[in-house]
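Just so it is clear, none of the values below were taken in a lab; they were calculated from the coordinates. These numbers were taken from a predicted model, which means no experiment stands behind them. Glycine also receives a Cβ, built like all others from the backbone with ideal geometry; neighbour counts cover every protein chain displayed.
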Number of protein chains: 2
Amino acid sequence: MLTLRQLRYFSALAATRHFGRAAGLAGISQPALSMQLKEMEAKLRGPLVERTPTGATLTELGRQVAERSGRILSAMRDLEELPRAHGAVLDGPLRLGIIPSVAPYLLPGLLDRTEKRYPALSLVVRETVTATLVSELADGSLDAIVASLPLGTGELAEAAAFEDRFLLAAPAGSPHAATTPAMAELIDADELLLLEDGHCLRDQALAICRTIDPRRLRSFGATSLATLLQLVAAGKGITLAPELALAAGAVSDKRLRLVRFAEPQPFRMIGVAWRRSSPRERDYRALADLMTSCRPTVGGHDTPLEHG
Amino acid sequence: MLTLRQLRYFSALAATRHFGRAAGLAGISQPALSMQLKEMEAKLRGPLVERTPTGATLTELGRQVAERSGRILSAMRDLEELPRAHGAVLDGPLRLGIIPSVAPYLLPGLLDRTEKRYPALSLVVRETVTATLVSELADGSLDAIVASLPLGTGELAEAAAFEDRFLLAAPAGSPHAATTPAMAELIDADELLLLEDGHCLRDQALAICRTIDPRRLRSFGATSLATLLQLVAAGKGITLAPELALAAGAVSDKRLRLVRFAEPQPFRMIGVAWRRSSPRERDYRALADLMTSCRPTVGGHDTPLEHG
DNA sequence: TAAAAATACTCCATAGGTATTTTAT
DNA sequence: ATAAAATACCTATGGAGTATTTTTA
């Protein structure tokens, strides 16, 4: 049978694509790694890597084996973490990933509360787009992630924390600023400003503006919501912004108008996701609860909201 | 780190609840197993079994570890099966589980077709209720199962094969036999006959008869659909029967009337499910396709259907 | 007192290390 | 000519077996 040792070495090789460096990463000598890989290839009846003079590249079989190896090793680490589940809630280190359109607005409040209520918790936070977070979660580099749900992969367990409504952000002078409630059908492809590709916010905005042909969009893609709102304030276009970002008080620009949509207001569901094999479900649910209670809000949920 | 060897031995112990027999199952001596278990308990910082003079019983931690161990070992076996995925479709041994309300009606046709189209396939079939099938699938005793979807567990991947509509089966003389289309609201708790607990058909029938209080049901629970229909024919009550079972021609009893419901007709989705980690997705989807094409049907789907 | 599990002790298979050769550009 | 990976060979760790002791109902 294949051994865990072989999986670990191969994971290192898949990461480095170099026998020598992989051996170093695994803490063994290069020949030892070569031998184990050779056995693995014999058992799997096919080459996992193509040997080149500069290192190695994965074969198709190799890619599949690498993916599965990662999952199995994660499940193994999760199994070893089981004793922790019998201890206190939110105790010890927890590596949390957060999407960029949530992190800056949610994190301050979240850190405040965790420090107060769970002083034993030591959060390590990483911020990137959903796709990266999901793969880092799968390979065990992260314990949990905060993102827009559902993630579409049945591999992960999820706990919803709160609905984050979208508002239309338009320059004070524009016709959009005067139309209440906002209407998605009135938005034109050439005035809509969006985050760059890969940000879920971009896809969500496009889903709301069903009438817009994505190919007709202006090529500009901002890297942060703050940038996007600055551009809107400067009269360069309009955008859909989540309430979460607006409530943080970051926006007090007189040149900006925020208009609610009619009920049912479009929203995204923000929550926590984790590997099903992780034994810390209790922790992640506690985290989601904490997020529910510390979400910054703009007045009442139904209050018409206008600046200036 | 925990080793696969330890997981295997512990799985054997969890299955047998006896050190000696577990050792036999694992093909090693009893002391060898004791030693490995001891190390495991040290690494997991807690006892996995309670030692009794007659053997061993799992602790709570032990149960959780056993479940995870099973999954990891399954994933490992699936990884080793990867080379097969690069071979022909539906080739080699395949252990298939089927629910009792489908097996007798679908299997004959399915076996015919697989023998013709995939002669290299060697099917081993097992018939039980969904819950058992799902756990046997999880621990690797089965490769795939045929059941009513969705299964509610995100752990499994699924492929739908066909809709199986429900019809009302009533004795020829009863008022129900004369009411077309059938109406779920007219069904009384004390006349409804159902399969015993554990059969998904029972739950599905109850879901359709929303107005019925399950506590008011007659305590009788049949073990097979054939029995149930015999009872109905004998005037002992009525039931909801899936079209699949009726189309097989098993029912030609003059005393039985089958009445369709109004559109949208209630139905259950029959399909195939498998461990996401299994590399034979192609096979399972081919199987689902085959099922779609070999489902026995009663005339046209919309034909009002009446016997006698 | 009997059945079950733990301990003691020995052996060997296998993974790992170092030194060296082969390979490919 | 050089960097990378494979091979050769030796060593040692740890898992397994047999024999025996301890435990508890």
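The table below lists the values:
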item: Most mobile of A:G24, A:G70, A:G97 in a GNM of chain A (Cα contacts under 10 Å); result: A:G24
item: Choice from B:I98, B:I212, B:I270 showing the highest fluctuation, given a GNM over chain B with Cα pairs closer than 10 Å; result: B:I212
item: Dipole axis of segment A:42-124 (+1 Lys, Arg; -1 Asp, Glu on Cβ), positive-most option in A:P108, A:L90, A:A56; result: A:A56
item: Test item: Cα-centred dipole of the protein assembly as shown, Lys/Arg +1 and Asp/Glu -1 on Cβ, debye; result: 1580
item: Inter-part distance where segment B:151-222 and segment B:29-101 are each reduced to a Cα centre, Å; result: 37
item: For A:L110, net neighbour charge (Lys/Arg +1, Asp/Glu -1) across residues whose Cβ lies under 12 Å away; result: +1
item: Charge dipole magnitude, Cβ of K and R +1, D and E -1 - segment A:4-80, Cα centre, debye nearest 20; result: 60
item: For segment A:103-115, Karplus couplings with θ = phi - 60° (6.51, -1.76, 1.60), whole Hz, Gly/Pro x; result: 3, x, 8, 8, 4, x, x, 5, 5, 3, 5, 5, 4
item: Extension gain (nm, one decimal) between B:D91 and B:S135, 0.36 nm per residue minus Cα-Cα; result: 13.4 nm
item: 10 Å Cβ neighbours from other chains, averaged over peptide B:81-91; result: 2
item: Contour minus Cα-Cα distance for B:E67 and B:A15 (0.36 nm per residue); result: 17.6 nm
item: Angle between chain B longest axis and helix B:281-294 axis [Cα atoms, degrees, rounded to 10]; result: 20
item: Label spacing, shortest first and in nm, from A:R117 to its equivalents in the remaining copies (7 angstrom along Cα→Cβ); result: 5.5
item: Angle between chain B longest axis and helix B:60-80 axis [Cα atoms, degrees, rounded to 10]; result: 80
item: Protection-proxy order for peptides B:32-38, A:63-69, each taking the mean of Cβ atoms within 10 Å per residue, highest first; result: A:63-69, B:32-38
item: Minimum Cβ-to-axis distance in chain B for the rotation onto chain A, with residue, whole Å; result: B:G154, 2
item: FRET efficiency for A:R216 and A:A42, using Cβ-Cβ distance with R0 set to 60 Å, rounded to 0.05; result: 0.65
item: Nearest-first distances (nm) between copies at A:A131, label 7 Å from Cα via Cβ; result: 4.3
item: For A:R276, inter-copy label distances in nm, listed shortest first [label point 7 Å out on the Cα-Cβ vector]; result: 0.6
item: Alpha-carbon gyration tensor eigenvalues x 5, square-rooted, for chain A, Å; result: 44, 24, 15
item: FRET efficiency for A:L111 and A:S252, using Cβ-Cβ distance with R0 set to 41 Å, rounded to 0.05; result: 0.95
item: Per-pair calculated FRET efficiency, R0 = 30 Å: A:R126 and A:M183 via Cβ, rounded to 0.05; result: 0.20
item: For chain A, built as a Gaussian network whose Cα springs stay under 10 Å, the top-fluctuating residue of A:F267, A:F220, A:F166; result: A:F220
